[in-house]
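Read-outs: derived from the displayed coordinates by stated rules, not from any lab. Predicted model, so just to flag it, every value in this text is computed and none were measured. Please note: Cβ atoms are built from the backbone with ideal geometry, for glycine as well, and neighbour counts cover all protein chains shown.
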Amino acid sequence: MRPRRSLESRARTLPNLKHHRRSTVAKNAWRDPDLRARQSITTKKAWEDPVRRNKKSIEMKRAWTDFVYKARTKAGMKLCWTNPVRKKKGRDIMKRAWACSSYRAKISASQKALWADPAFRAKMSAIQKRIQNDPKVQIKRSIALKLSWARPGFRDRMSIARKKSMADPIVRQAWLLKMSRSWKKRTKIELKLLDWLKQNQVEYDEQSTVVGIRNHVFDFVIPRNEIVLEADGCFWHACAEHYPLKKDDRRCSQAIRDRRLADRCLELGWRIIRLWEHEINSGDFSKLSVALKGK
Ligand SMILES: [Zn+2]
């Protein structure tokens, strides 16, 4: 007796034949404009009927819980999207639809209505989180991202799009601050420096930017004295006393960045004060206190 085939293997062989047969019949039928018009009217009517819509939706949901149906549909979609001709066709249809302003307005209105519902928002956010935390998805995404960046022209396109949006100073500043605040936690030495500033009643902005320097968020900015303050770790910023730079050091790029930043600050009339980790840890804030008295 032949062993029974698994559901998976059955599902795998299903799409080709059935998909093809259905698609040929449907294609021939759709060539008839009359039938197309009639179909469109009946479909519309059917969708306008809430009872029917509900029934259909339940049917669809039930269908999607069926493993074979799900696998078949997924395989069919994959087949579609791996076929360049079909892919182009699908894209063209979408493009045509998006070119029509009434279609855009309709979609936009329905989207807005959906997102206005807090329950929907919560549901979507939960789904998003689940997807983001899935290690399988993470790996897939990272590979896709790498492939995208390797594609010719992608880098340029991205850079142009980014430049366009970043050309707006408000957008840029907001983005920079948001990123630094969400990514960066305060380091231990930053906290110590913060304590000192509070004790000495210095007015400061934490994690802030300076007009004219677009690509850096400073640990502290003291606008009154035009001082920017950085708490630098001995290792990463290559303190000469504890971790001096060696030849071909991987920290060289950081050192160059630090240097450039200092130059730019001076150009703009800001004094940059870098307190080393060892200075902060030993409670030596003399550099800062001298600078603060100086102005
Ligand atoms: Zn040091």
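Helix 101-116 axis versus longest C-alpha principal axis of the chain: approximately 70°, rounded to the nearest ten.
Using a 4.7 Å Cβ-Cβ cutoff, the cysteines of the chain lacking any partner cysteine are Cys80, Cys100, Cys252, Cys265. Computed from the Cβ-Cβ distance with R0 of 41 Å, the FRET efficiency linking Asp263 to Asp156 stands at 0.90.
Using R0 = 30 Å, the C-beta based FRET efficiency linking Cys80 and Lys163 works out to 0.25.
Is segment 184-294 rounded, prolate or oblate when judged by the Cα gyration tensor, a ≥ b ≥ c being the square roots of its eigenvalues, rounded requiring a/c under 1.5 and prolate requiring a/b larger than b/c?
On the way: a/c = 1.76, a/b = 1.23, b/c = 1.43.
It comes out oblate by the Cα gyration axes.
For the chain, the 222 nm mean residue ellipticity estimated from helices alone, with every DSSP H stretch of n ≥ 4 adding -39500 (n - 2.57) and the total spread over all residues, rounds to -23000 deg cm²/dmol.
For the chain, calculate the relative contact order in percent as a whole number, restricting contacts to Cα pairs under 8 Å that are 6 or more residues apart.
Values: 178 pairs, mean separation 28.0, N = 295.
Over the chain, the number comes to 9 percent.
Cross-link pairs exceeding 32 Å between alpha carbons, from the set Lys87/Lys136; Lys27/Lys123; Lys78/Lys123; Lys192/Lys246; Lys61/Lys164: Lys27/Lys123; Lys61/Lys164. Fully extending the segment from Ser282 to Arg91, taken as 0.36 nm per residue of separation minus the present Cα-Cα distance, adds 62.4 nm.
Contact order, relative form, for segment 184-294: 24 percent (alpha carbon pairs under 8 Å, 6 or more residues apart, mean separation divided by residue count).
Set the Förster distance to 45 Å, then compute FRET efficiency between Ala240 and Trp149 from the Cβ-Cβ distance, nearest 0.05.
Calculated value: 0.75.
Only aspartates and glutamates eight or more places from Lys178 in sequence, or on another chain, were considered; those with a Cα closer than 18 Å are Asp168, Asp205, Glu206, Asp219. Placing a label point 7 Å from the Cα of Trp30 along the Cα-to-Cβ line, the residues of segment 78-120 whose backbone N sits under 17 Å from it are 78-98.
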